[in-house]
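The values are calculated or read from the model by the stated rules, or taken from the named source; none is laboratory data. Quantities reported herein were computed from a predicted structural model and do not represent experimental measurements. Cβ sites come from the backbone with ideal geometry, for glycine too, and all protein chains shown count toward neighbours.
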Amino acid sequence: MNMLNITMLQQVSALMLATSMAFATSVVAQTTAPTNADPVAVTNTVLTERMSPRYLLQGSHGGSVTSDDFHDRFQLIAFGYISCPDVCPTTMTEMQQILEKLGERAQYLQPIFISIDPQRDTLEVLAAYTANFDSRILGLTGSEALVQWAANNFKVEYTKIQEPGAGPNVYNMDHTAGMFLLGPDGQLLKKFGYSTPVQDITVEIEKWLTQDGK
């Protein structure tokens, strides 16, 4: 096991411990303020009971990246895979358009694309894919276990769809679409459902930037 993998294992252990403690605190809080619905599952709804979804993955530059690395920025995150025929390219195009509309304020937003297909989406391929839309978009992936852990924390579901007799790399991925907005403190502020107009997403992000003094 190389040093990078050892470091990532140590980091994910710490992150999982922190997540467990946060979850326990949330359970205690909900005994006095119960909620009737899963807030993340509600499309285009500002979250009142905010969660802090965690991830520990590898960036397309090869180094480890965690959800705690962007305390000076908001994060706009989408899950998908490079071979996705339509949903993911559309989402990536929308992400690029959001950055363009934000202008100089885009420096306070870190756009992220998390691949749920580590079998085919190597770091090199992922870097080329994200750069094709905008060089500011950071591509992340990792081992199947770490990708699954990240997806679970965001309540993102995905399934490999493979026809009988197909080759090992011939398959599609059915997955939750949309984008997630995290604040500088790592809290989930809002989930934007797939096909939410770019203008609506931009306005919402600008509102949070203004509230944060940016």
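Tabulated results
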{"read-out": "Filter result for Gly80 (in contact with a Cys (Cβ under 6 Å, 6 or more places away or on another chain), surrounded by 10 or more Cβ atoms within 10 Å (Cβ to Cβ) and at pLDDT 90 or above)", "value": "yes"}
{"read-out": "Residues (surrounded by fewer than 16 Cβ atoms within 10 Å (Cβ to Cβ) and closer than 18 Å to Phe70 by Cβ) located in region 185-205", "value": "Asp185, Gln187"}
{"read-out": "So Thr141, is it among the hydroxyl-bearing types (Ser, Thr, Tyr), in contact with an Asp or Glu (Cβ under 8 Å, 6 or more places away or on another chain) and in contact (Cβ under 8 Å) with a residue 40 or more places away in the chain", "value": "yes"}
{"read-out": "Top-ranked residue of region 66-77 - restricted to ones that are in contact with a helix residue (DSSP H, G or I) (Cβ under 7 Å, 6 or more places away or on another chain) and farther than 17 Å from Gly142 by Cα, ranked as surrounded by the fewest Cβ atoms within 10 Å (Cβ to Cβ)", "value": "Arg73"}
{"read-out": "Region 138-176: number of residues that are of a type outside the set (S, T, N, Q) and buried (at least 19 other Cβ atoms within 10 Å of the Cβ)", "value": "13"}
{"read-out": "Exclusive hit being at pLDDT below 95 and not basic (Lys, Arg), set Ser135, Ser195, Ser115", "value": "Ser195"}
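The rows are residues; the columns are (1) within 21 Å of Glu204 (Cβ to Cβ); (2) touching a helix residue (DSSP H, G or I) at 6+ places or on another chain (Cβ under 9 Å); (3) of a type in the set (Asp, Glu).
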site	(1), (2), (3)
Ser52	yes, yes, no
Ile82	no, yes, no
Asp86	no, no, yes
Pro89	no, yes, no
Ile114	yes, yes, no
Glu124	no, no, yes
Asn132	no, yes, no
Thr141	no, yes, no
Leu146	no, yes, no
